[in-house]
Every structure is written in C-alpha cells, then in structure tokens.
1. Cα convex hull of region 26-149: mean projected area in nm², to one decimal?
2. Cβ under 10 Å from M105's Cβ, M105 left aside: what net charge do those residues give with Lys, Arg +1 and Asp, Glu -1?
3. Run the dipole for region 48-149 about the Cα centre, Lys and Arg Cβ at +1, Asp and Glu Cβ at -1, nothing else charged, and hand back the magnitude in debye, nearest 20.
4. Provide the net charge surrounding Y136, with neighbours chosen by a C-beta distance below 9 Å and charges set as Lys +1, Arg +1, Asp -1, Glu -1.
5. Given a 1.4 Å probe and heavy atoms of the protein chains only, how would you sort M85, M105, largest accessible area at the top?
Amino acid sequence: MSLSSSPTLAATRLPVLTSYERLLEAVRYAGAYPTRERAEKSVRLVLAELGRQLPSSEREELAASLPEEAARLLAGDATDHAAPMTGWSFVKTLATRTGTAPAVMRWDVGSVLTSVAGLVDPDLLTRLLRRLPSGYALLFGRAELVQAA
C-alpha cells in the first residue's frame, strides 16, 4: 500500500481552496467574523459599491487582480457609476443602506479592503488611491496620501 492511498493520510488532507475562498477566509480573519457567510456578505456589499466609485479603467485593472468571483462583484453593472464619495461617505452610505451602525460598517469595509489590498500590486493600489477622493487609504490599510503644498 502506498502512502498516497493510506486512509489516514487521505482523511487528513485539507480541501483545496479557490482563490475566492482564500479571499473570504482572509476577510473572515481580518474582520473576526464567526462564519464565512458573514465575510462573504461584507465582500459582496463592499466590492459592488467600490466598483461604482472607480473609473472604468481602474475598475478593470483592479478586477484583473482579484479572483474571478470578486472581479464580477467589482464590475457589477459597469454603467452604474456613482457620484464620487469620500471614504467616510462611502462607509456612511453603506451603513444607511444596510441599517448598520457606521462603526460596524467601517469595520466591515476595512476588513474587505485591507484583504483586497493584499492581493493587489502596491503600485496599482497607489494609483487607485490617487484617483479616489480622500479617506480611502485608511480603509485599504494604508496611511492617507497627502499632496505637498
């Protein structure tokens, strides 16, 4: 009997996670969520709204860095572009829409976006933050970028 066919080794193998499942686990860990379903709820909400905030070229470039399922969430309805919002307005809008306290929504948004930042090339993230209104850098786990006077 070979080692690979050993019943004890086969029973202890971990399931192979897709890259989207790894993203969900990263968000679950960052947000200290009790279930993956709770993490996915945050991912769906935050990425869909973030996609509405990004110009199409940046949205497409970010989507290319994400797992397929996350990229679809970000792309959403490509024609549905929202008026630019600061990072805090982004959080407040999602909090109002979901009936969630702003502090809780800030936690959710930060959990998702810091996990996304871990998948993205740092130069791309810097370009995205320069295109977005103020307040998003902290949501992505970065220091706020400030223009010199």
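1. Mean projected area for region 26-149: 7.6 nm², to one decimal.
2. +2
3. For region 48-149, the charge dipole is close to 380 debye.
4. Every neighbour counted, the sum reads 0.
5. Final ranking, largest accessible area leading: M85, M105.
The values are calculated or read from the model by the stated rules, or taken from the named source; none is laboratory data. Only a predicted model underlies this, so the values are computations on that prediction, with no experimental measurement involved. For neighbour counting, all protein chains shown are included, and Cβ atoms are generated from backbone atoms with ideal geometry for every residue, glycine included. For the accessible areas, the whole protein counts, side chains as well, though only heavy atoms, and no ligand, DNA or RNA atoms are used. Shrake-Rupley method; radii C 1.70, N 1.55, O 1.52, S 1.80 Å.
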